[in-house]
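These notes are about the structure you will find just below.
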Amino acid sequence: MLTLTCPCCGVTAEETELAPGYEAHLKRFGPGSTDAEFESYMFARKNPKGVHFERWRHAYGCGKWFLAARCTATLEVFGTYPAQTTEPPAAILDAIRARRPDWKA
Amino acid sequence: MKRYSVFAIAREALRHHSGWDRAWASPEPRASYDVVIVGAGGHGLATAYYLGKNFGITNVAVIEKGWLGGGNTGRNTTIIRSNYLQDPSAAIYEKARSLYETLSQDLNYNVMFSPRGVMMLAQTHHEVRGYLRTAHANALQGVATEFITPQRVKELCPIMNIDGPRYPVLGALWQPRGGTARHDAVAWGYARACSAMGMHIIQQCEVKGVRSEGGAVTGVETTKGFIGCNKLGIVVAGHSGQVADMAGFRLPVEAVALQALVSEPIKPCMDVVVMANTVHGYMSQSDKGEMVIGGGTDGFNNFTQRGSFHHIEETLRALVETFPMLSRLKMLRQWGGIVDMTGDRSPIISKTPLGNCFINCGWGTGGFKAIPGSGWAMAELMAKGEPGPLARDFNLWRFREGQFIDESVAAGVAH
Ligand SMILES: Cc1cc2nc3c(=O)[nH]c(=O)nc-3n(C[C@H](O)[C@H](O)[C@H](O)COP(=O)(O)OP(=O)(O)OC[C@H]3O[C@@H](n4cnc5c(N)ncnc54)[C@H](O)[C@@H]3O)c2cc1C
Ligand SMILES: [Zn+2]
């Protein structure tokens with residue numbers, strides 16, 4: 001069972017308390033963008049087997065969105081961080097590299 | 001290939017079963033083939049089979065990283081039906097269902113197709129409206145289904161409680177020629193028939209890279225070395241994103257875990273397949289007597305082939321109201337498969353941005369029933385280089401064009 005710590009309220013919750021929100025750090029393309037950009041934003045997904053950055057919501061807790069770095073092949077969690085970031089913070093990247101020396105961002 | 005028949009059984013019975021051949025050969029790979037298919041699940045093997053049978057292309061290798069049928073094909077709950085809403089879906093799933101009717105004879109291998117009837121319960125008024133609409137659509141598409149009353153549901157499946165307080169049965173969409181088949185046998189039967197045509201089935205051989213030149217594929221790097229090909233078919237379900245990545249393009253696909261479980265074996269008590277989509281549960285009884293139960297998917301990307309426990313709990317909690325006898329059964333085994341979910345929950349059978357490279361994926365939670373039709377359509381696409389009528393609408397570009405095949409939202413179906 002997946003357990004994540006919500007960076008907003010500090011509660012450590014298991015997955016029945018959380019709602020998954022899929023890939024994080026997507027760059028939004030709206031009106032005025034090309035078809036290819038919009039398609040890529042809307043549908044194309046990284047779907048890595050390994051390190052993945054995701055959106056989660058503490059649905060049955062404080063209700064806030066946050067982000068998590070997780071391994072999709074082992075379910076290991078590297079850390080969680082606030083949703084108000086456009087890329088993973090250095091501490092999270094260090095935590096990933098400590099466990100996955102070969103990983104490339 | 002020695003044919004299987006009642007005479008073969010009699011002959012072998014007289015000589016201590018010493019004359020049975022291996023069902024398929026396990027050759028070392030050649031340097032190159034006309035066609036390489038990655039993934040020996042049902043869809044990959046069926047593609048190879050119909051390439052040979054319908055188009056005479058037999059210089060084919062099917063490359064599998066694990067064992068044959070060890071992916072979702074050997075992990076699913078084997079429901080076969082074709083009662084879809086949209087025309088492109090009804091066409092390909094009905095093609096598949098009709099091929100299942102004679103697949104055992106066609107392959108000379110008993111795939112144990114059992115058209116015992118599939119019943120999709122309507123447990124909300126929304127579902128009643130949805131299934132009435134599907135029944136009308138199916139009538140126009142030539143797919144034999146009907147909307148039946150709760151009383152008829154009870155007659156067909158007496159163990160069901162149709163008066164549950166929370167999930168009453170308000171009717172059902174009934175497809176009398178839907179049913180189940182033996183999942184391993186489908187993979188084995190196609191493999192044997194492919195091998196008999198001289199195709200190579202190469203197990204324990206993982207594709208690690210896709211080589212291309214001037215925008216067209218030239219072969220694959222594997223754990224058994226480089227294997228060249230003129231045409232490449234990627235048919236790897238949950239790992240589609242990984243292999244597409246090797247080929248240099250991205251897909252609208254995410255991999256999640258889907259679970260199933262079986263109870264201890266009990267005496268025959270249910271001779272139809274029941275699906276309850278409102279509660280994400282579906283059930284049939286296997287020939288061994290186990291109740292085979294499938295549930296919903298996890299909501300997050302997962303490659304671990306096991307799922308979260310609470311999904312099983314939710315599925316059973318909801319099913320117990322409709323099937324009170326379930327509460328007395330012990331559940332024996334649980335497992336998961338990695339299913340490939342697309343943006344519109346419909347599959348992809350398509351050309352790709354890389355020349356001579358074709359992809360078949362996105363069958364998600366419901367592709368076992370489609371195996372023969374999907375193989376048929378994929379073989380046509382690969383042989384001719386252009387999709388035929390069955391595959392045309394399932395192209396990769398529909399996401400950019402907004403031409404979704406919106407089954408999931410339209411019909412509220414899970415499987
Ligand atoms: C629990 C569960 C229940 C289901 N219930 C039903 C149901 O009732 N009815 C229904 O119609 N469908 C059902 N499905 C869906 C169905 O199982 C799948 O859609 C279908 O089996 C997919 O077949 P496939 O051949 O595409 O994939 P798979 O059988 O998964 O085959 C893909 C193969 O590709 C191989 N592969 C992957 N990467 C590589 C690589 N790099 N190199 C070489 N080989 C590779 C894998 O090892 C695998 O064997 C269910 C699925 C699950 C998990
Ligand atoms: Zn919180």
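The values are calculated or read from the model by the stated rules, or taken from the named source; none is laboratory data. Owing to the predicted nature of the structure, the values given are computational and were not obtained by experimental measurement. Reconstructed Cβ throughout: ideal geometry from the backbone, glycine too, with neighbour counts over all protein chains shown. Only protein heavy atoms, including side chains, enter the accessible area calculation; ligands, DNA and RNA are left aside. Shrake-Rupley method; radii C 1.70, N 1.55, O 1.52, S 1.80 Å.
List of remarks:
- Within region B:97-136, tally of residues that are part of a helix (DSSP H, G or I) and not hydroxyl-bearing (Ser, Thr, Tyr): 17
- Whichever residue in region B:393-410 is modelled with pLDDT under 95, within 19 Å of the chain's Cα centre (by Cα) and in a helix (DSSP H, G or I) and, among such residues, is farthest from the other protein chains (Cβ to nearest Cβ): B:Glu407
- Test: residue in region A:60-74 that is open to solvent by 60 Å² or more (accessible area, probe 1.4 Å), touching a Phe, Trp or Tyr at 6+ places or on another chain (Cβ under 6 Å), more than 8 Å from chain B (Cβ to nearest Cβ) and not acidic (Asp, Glu): no
- All positions within region B:16-71 that are under 19 Å from B:Ile338 (Cα atoms) and open to solvent by 40 Å² or more (accessible area, probe 1.4 Å): B:Lys65, B:Trp67
- For region A:75-94, the condition of being within 11 Å of chain B (Cβ to nearest Cβ) and open to solvent by 20 Å² or more (accessible area, probe 1.4 Å) holds for at least one residue.
- Odd one out for B:Thr218 among (1) without any contact (Cβ under 8 Å) to a residue 60 or more places away in the chain; (2) within 22 Å of B:Met270 (Cβ to Cβ); (3) β-branched (Val, Ile, Thr): (2)
- Qualifying positions in region B:214-233 - among the small types (Gly, Ala, Ser) and open to solvent by 60 Å² or more (accessible area, probe 1.4 Å): B:Gly214
- Options B:Val256, B:Val236, B:Val262, B:Val274; residue that is surrounded by 24 or more Cβ atoms within 10 Å (Cβ to Cβ), away from chain A (no Cβ under 14 Å) and not aromatic (Phe, Trp, Tyr): B:Val274
- Residues (surrounded by 23 or more Cβ atoms within 10 Å (Cβ to Cβ) and more than 6 Å from ligand 1 (Cβ to nearest atom)) located in region B:72-84: B:Ile80, B:Arg81, B:Ser82, B:Asn83, B:Tyr84
- Candidates in region B:364-392 are the residues that are more than 21 Å from B:Asn230 (Cα to Cα) and either over 19 Å from the mean Cα position of the chain (by Cα) or free of Cβ contacts under 8 Å to residues at least 12 places away in the same chain (or both); of these, the one that is farthest from the other protein chains (Cβ to nearest Cβ) is B:Pro389.
- Residue selected from region B:239-253 under the condition crowded, with 21+ Cβ neighbours inside 10 Å and not in a helix (DSSP H, G or I), by the criterion nearest to the other protein chains (Cβ to nearest Cβ): B:Pro252
- Breaking point among (1) closer than 18 Å to B:Val186 by Cβ; (2) open to solvent by 10 Å² or more (accessible area, probe 1.4 Å); (3) within 15 Å of ligand 1 (Cβ to nearest atom), for B:Tyr109: (3)
Here is a yes/no grid of residues against (1) within 16 Å of ligand 2 (Cβ to nearest atom); (2) within 11 Å of chain B (Cβ to nearest Cβ); (3) of a type in the set (S, T, N, Q); (4) open to solvent by 50 Å² or more (accessible area, probe 1.4 Å):
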| position | (1), (2), (3), (4) |
| --- | --- |
| A:Met1 | no, yes, no, yes |
| A:Leu4 | yes, yes, no, no |
| A:Cys9 | yes, no, no, yes |
| A:Thr34 | no, yes, yes, yes |
| A:Lys46 | no, yes, no, yes |
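- B:Met291 being open to solvent by less than 10 Å² (accessible area, probe 1.4 Å), of a type outside the set (Lys, Arg), touching a residue at least 40 places away in the same chain (Cβ under 8 Å) and touching a strand residue (DSSP E or B) at 6+ places or on another chain (Cβ under 9 Å): no
- Test for B:Arg211: is it surrounded by fewer than 24 Cβ atoms within 10 Å (Cβ to Cβ), within 14 Å of another protein chain (Cβ to nearest Cβ), away from ligand 2 (no atom under 16 Å from the Cβ) and of a type outside the set (Val, Ile, Thr): no
- Yes/no for B:Lys351 being open to solvent by 30 Å² or more (accessible area, probe 1.4 Å) and in contact (Cβ under 8 Å) with a residue 24 or more places away in the chain: yes
- Set side by side, the residues A:Leu67, A:Leu18, A:Leu2 differ, and just one is at pLDDT below 95 and under 30 Å from B:Glu313 (Cβ atoms), which is A:Leu2.
Yes/no per residue for (1) touching a Cys at 6+ places or on another chain (Cβ under 6 Å); (2) within 16 Å of ligand 1 (Cβ to nearest atom); (3) of a type in the set (Phe, Trp, Tyr):
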| position | (1), (2), (3) |
| --- | --- |
| B:Leu332 | no, yes, no |
| B:Gly337 | no, yes, no |
| B:Gly343 | no, no, no |
| B:Cys357 | no, yes, no |
| B:Leu381 | no, yes, no |
| B:Lys384 | no, no, no |
| B:Gly388 | no, no, no |
| B:Phe404 | no, no, yes |
